Amino acid sequence: MLNLLWLGFFLIAAVSAIFQWLVLDRPDIFAQLIASLFDMADLSVQLMLLLFGTLTLWMGFLRIAEAAGLVQGLARLLGPLFRRLMPGVPVGHPALGLITLNFAANALGLDNAATPIGLRAMHELQSLNTSTPQTASNAQILFLVLNSSSLTLLPVTIFMYRAQQGAPDPTLVFLPILLATSVSTLVGLLSVAYMQRLKLYDPVVLAWLGTGALALGSFMALLAGLSATAVAALSSLMGNLALFGVIIAFLLVGAYKRIPVYDSFIEGARDGFDVCKNLLPYLVAMLCAVGVLRASGALDLLLDGIRWAVQLAGLDGRFVDALPTALVKPFSGSAARALLIETMQHSGPDSFASLLAATVQGSTETTFYVLAVYFGAVGIQRARHAVGCALLADLAGVLASIAVCYWFFG
């Protein structure tokens, strides 16, 4: 799947570039393609430098947590649920605790912590994938799809962008994002469950999902009663307090159990360094393909086609102005952020297009980056149904964002 996808990016870019050259009289398009290749290769190295420090730091703390038995404790707690969602993972396996920590970090918007924890979880899942190590296992696919469905419950960065652009209520999109990201995650789970024949109607699964829905609803009710300033302050406090609290908890429990915390940190940090250096080829490959696709104008041509179809059908076309963010987000988080800010600057932070673009940004994920990093870290080359399920979750997030924004903002 990844081979066809990667080749398809280049072929689509080539067809789009030829069209723009011959039909739109843009001979400079090929220079843009080559420049994009080199720019993306340079960006890959820059991302690696950022990942080196982050991965080394968090892999060190995770090794302390593992030595202290915290990860194994989480695995035992969630064993009944994951035994049904990931039947190939033994009860109490360390991967289950790491997956839980990863989901918690994502929910709080702690990307810098979530990625290293997720990579460690993927490595643990790969230790069970011995028969076909280059092919993604069912458990790895479910884990990746849920990651790429955007689990964030506190989109602090979206609030920050809106505040920077002068929005009087930066948290106005909080509830729309929460609803849309819930839909994308649910669709991701259902699509994988269908492909893997998972029995979601099991009483244990239904109990966990019901408890989660109740907790989410209570949290939404609490935040809905707060002012915009209070929500933003609470979001920031919860994220940073949770992050530092986890670090202190790891250290205190490790010290209580007489774990040599410094030595354990160094050992884990060394593993993080080894993991990170193996990611560069996968990042270069995927980011260069994405860069060429963007530079070719293929996404712009697709957007023009959608606008024409909407106008032809006589539908309300206001949502089309927010689609650039939706189309780019699976390929590039930085490009999607730039398009979101550009939309707010052009239309105003509280225009329908800007509110929708912010909701899409908060409820979708950079799917191909996640694929490259998570599967690349363990040498997976055959993704099976992971790409299709992840993109379906993204599509659900975009459609839910459109529906929710029409509901909230008219």
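The values are calculated or read from the model by the stated rules, or taken from the named source; none is laboratory data. Because the structure is predicted, anything quoted here is derived from the model rather than measured. Heads up, the Cβs are rebuilt from the backbone with ideal geometry, glycines too, and the neighbour counts pull from every protein chain shown.
Which condition does residue 333 not pass, out of (1) over 20 Å from residue 172 (Cα atoms); (2) buried (at least 22 other Cβ atoms within 10 Å of the Cβ), if it passes all the others?
Among (1) over 20 Å from residue 172 (Cα atoms); (2) buried (at least 22 other Cβ atoms within 10 Å of the Cβ), the lone unmet condition for residue 333 is (2).
Here is a yes/no grid of residues against (1) surrounded by fewer than 22 Cβ atoms within 10 Å (Cβ to Cβ); (2) under 14 Å from the mean Cα position of the chain (by Cα); (3) more than 17 Å from residue 320 (Cα to Cα):
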residue	(1), (2), (3)
365	no, yes, yes
371	no, yes, yes
382	yes, no, yes
401	no, no, no
406	yes, no, no
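Any residue at all in the stretch 39-51 that's hydroxyl-bearing (Ser, Thr, Tyr) and over 25 Å from the mean Cα position of the chain (by Cα)?
Keep residues of the stretch 39-51 that are hydroxyl-bearing (Ser, Thr, Tyr), which gives 44.
Cutting the leftovers down to over 25 Å from the mean Cα position of the chain (by Cα) gives us none.
Looking for residues that are hydroxyl-bearing (Ser, Thr, Tyr) and over 25 Å from the mean Cα position of the chain (by Cα), one finds none in the stretch 39-51, hence no.
In a helix (DSSP H, G or I), under 23 Å from the mean Cα position of the chain (by Cα), farther than 21 Å from residue 155 by Cβ and not hydrophobic (A, V, I, L, M, F, W, C) - does that describe any residue in the stretch 309-321?
no
Give the stretch 121-135 a look and list any residue that's of a type outside the set (Val, Ile, Thr) and over 16 Å from the mean Cα position of the chain (by Cα), or say none. Explain how you work it out, then say what you get.
Going through the stretch 121-135, the residues of a type outside the set (Val, Ile, Thr) turn out to be 121-129, 131, 133-134.
Answer for the stretch 121-135, where residues must be of a type outside the set (Val, Ile, Thr) and over 16 Å from the mean Cα position of the chain (by Cα): 123, 124, 125, 126, 127, 128, 129, 131, 133, 134.
Here is a list: 210, 305. Which entry is at pLDDT 75 or above and over 24 Å from the mean Cα position of the chain (by Cα)? Spell out how you get there, then give the answer.
Details: 210 fails: over 24 Å from the mean Cα position of the chain (by Cα).
Going through 210, 305 in turn, the sole match is 305.
In the stretch 21-38, how many residues are in a helix (DSSP H, G or I) and without any contact (Cβ under 8 Å) to a residue 24 or more places away in the chain? Walk me through how you get there before you give the answer.
Step one: filter the stretch 21-38 for residues in a helix (DSSP H, G or I), giving 21-22, 29-38.
Adding the requirement that they be without any contact (Cβ under 8 Å) to a residue 24 or more places away in the chain leaves 21-22, 30-31, 34, 38.
Within the stretch 21-38, residues that are in a helix (DSSP H, G or I) and without any contact (Cβ under 8 Å) to a residue 24 or more places away in the chain number 6.
Could you figure out which of (1) in a helix (DSSP H, G or I); (2) surrounded by fewer than 21 Cβ atoms within 10 Å (Cβ to Cβ); (3) at pLDDT 85 or above isn't true of residue 4?
Going through (1) in a helix (DSSP H, G or I); (2) surrounded by fewer than 21 Cβ atoms within 10 Å (Cβ to Cβ); (3) at pLDDT 85 or above one by one, residue 4 breaks only (3).
Determine if the stretch 264-278 includes at least one residue that is of a type in the set (Phe, Trp, Tyr), in contact (Cβ under 8 Å) with a residue 12 or more places away in the chain and surrounded by fewer than 16 Cβ atoms within 10 Å (Cβ to Cβ).
Among the residues of the stretch 264-278, at least one is of a type in the set (Phe, Trp, Tyr), in contact (Cβ under 8 Å) with a residue 12 or more places away in the chain and surrounded by fewer than 16 Cβ atoms within 10 Å (Cβ to Cβ), which makes the answer yes.
Return the residues of the stretch 253-310 that are under 30 Å from residue 16 (Cβ atoms) and aromatic (Phe, Trp, Tyr); say none if nothing qualifies.
Here is the first cut: in the stretch 253-310, the ones under 30 Å from residue 16 (Cβ atoms) are 279-310.
The answer is 282, 308.
For the stretch 39-52, does any single residue satisfy the condition of being assigned to a helix (DSSP H, G or I), over 13 Å from residue 287 (Cα atoms) and touching a residue at least 40 places away in the same chain (Cβ under 8 Å)?
Within the stretch 39-52, the first condition is being assigned to a helix (DSSP H, G or I), and the residues that meet it are 39-52.
From what is left, the residues that are over 13 Å from residue 287 (Cα atoms) are 49-52.
Restricting the remaining residues to those that are touching a residue at least 40 places away in the same chain (Cβ under 8 Å) gives 51-52.
Yes: one or more hits.
Report yes if residue 12 is within 21 Å of residue 284 (Cβ to Cβ) and surrounded by 15 or more Cβ atoms within 10 Å (Cβ to Cβ), otherwise no. Outline the logic, then answer.
On the way: within 21 Å of residue 284 (Cβ to Cβ): yes; surrounded by 15 or more Cβ atoms within 10 Å (Cβ to Cβ): yes.
The answer is yes for residue 12.
For the stretch 291-343, which positions are basic (Lys, Arg) and either closer than 27 Å to residue 30 by Cα or in contact with a Leu (Cβ under 7 Å, 6 or more places away or on another chain) (or both)? It would help to see each step written out before you state the result.
The initial filter retains those residues of the stretch 291-343 that are basic (Lys, Arg), namely 294, 307, 318, 329, 337.
Matches in the stretch 291-343: 294, 307, 329, 337.
Select, from 284, 246, 290, 253, the only residue that is in a helix (DSSP H, G or I), at pLDDT 85 or above and either out of contact with any strand residue (DSSP E or B) (no Cβ under 7 Å at 6 or more places or on another chain) or buried (at least 16 other Cβ atoms within 10 Å of the Cβ) (or both).
On the way: 284 fails: at pLDDT 85 or above; 246 fails: at pLDDT 85 or above; 290 fails: at pLDDT 85 or above.
Only one candidate qualifies: 253.
Output the number of the condition that residue 369 fails; it satisfies all remaining conditions of (1) hydroxyl-bearing (Ser, Thr, Tyr); (2) out of contact with any Gly (no Cβ under 8 Å at 6 or more places or on another chain); (3) closer than 28 Å to residue 132 by Cα.
(2)
Which residues, taken from the stretch 117-172, are β-branched (Val, Ile, Thr) and either over 21 Å from residue 383 (Cβ atoms) or surrounded by 22 or more Cβ atoms within 10 Å (Cβ to Cβ) (or both)?
In the first step, residues of the stretch 117-172 are kept if they are β-branched (Val, Ile, Thr); the result is 117, 130, 132, 135, 141, 145, 152, 156-158, 171.
Passing the criteria: 117, 141, 145, 152, 156, 157, 158, 171.
Mind checking which helices (runs of 4 or more DSSP H) fall wholly inside the stretch 108-207 and carry at least 1 residues that are of a type in the set (Lys, Arg)? Explain how you work it out, then say what you get.
On the way: elements: 111-126, 138-148, 156-164, 174-196.
Ranges flagged: 111-126, 156-164.
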